[in-house]
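A.B. asks: Provided herewith is a single structure, encoded as structure tokens, for subsequent inquiry.
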Amino acid sequence: MKKLGRKSKYLLYALSGSLMIALLKGFSILSVIDGLSLVAIILLILTLCKIVGNIGIFDSFIFGAKMIGELLSNKRNLLASGSEGYYDYKKNRKRASDVGDLCFTTAVFMSVSILSSVLVCI
């Protein structure tokens with residue numbers, strides 16, 4: 001699995017998840033489409049969560065919660081640093097690097113599920 005890229009790894013995981021959902025519902029064309037759609041929606045939610053995390057919308061809330069936790073446990077390192085601590089926290093926090101791969105996998109599964117739904121309805 002290490003030789004596979006992240007895109008192909010995500011595609012394989014999503015495909016196996018959708019097939020498991022199809023098998024649990026009783027294997028038919030509609031259950032496969034349902035599995036594809038459900039996995040696409042889950043991937044879309046994960047991608048949006050990672051995008052929001054990368055933007056840093058909730059950084060001040062997370063930093064504040066860490067400050068309260070350190071205040072309650074009598075550790076004063078973060079409190080003494082003040083606003084410099086927040087800027088260091090913003091600068092040194094980890095960002096998700098696989099957003100593009102998740103977005104690609106989401107687009108593939110959404111496209112396949114929409115196309116297969118249209119083809120079945122015709």
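The values are calculated or read from the model by the stated rules, or taken from the named source; none is laboratory data. Bear in mind the structure is a predicted one, so any value in this text is a computation, not a measurement. Methodologically, a virtual Cβ is constructed for each residue, glycine included, from the backbone with ideal geometry; neighbour enumeration extends over all protein chains shown.
A.B. asks: Can you pull out the residues in region 6-43 that are touching a residue at least 40 places away in the same chain (Cβ under 8 Å) and crowded, with 17+ Cβ neighbours inside 10 Å? Break it down into steps so the answer makes sense when it comes.
C.D. replies: As a first pass, look at region 6-43 and keep what is touching a residue at least 40 places away in the same chain (Cβ under 8 Å): 6-7, 10-11, 14, 18, 29-30, 32-33, 36-37, 39-40, 43.
Within region 6-43, TYR10, LEU11, ALA14, SER18, VAL32, ILE33, LEU36, SER37, VAL39, ALA40, LEU43 qualify.
A.B. asks: Something else about it: Could you tell me whether any residue of region 12-35 is among the basic types (Lys, Arg), modelled with pLDDT under 85 and assigned to a helix (DSSP H, G or I)?
C.D. replies: Start the filter on region 12-35 by keeping residues that are among the basic types (Lys, Arg), which leaves 25.
Then keep just the ones that are modelled with pLDDT under 85; that gives none.
Checking region 12-35: not a single residue is among the basic types (Lys, Arg), modelled with pLDDT under 85 and assigned to a helix (DSSP H, G or I).
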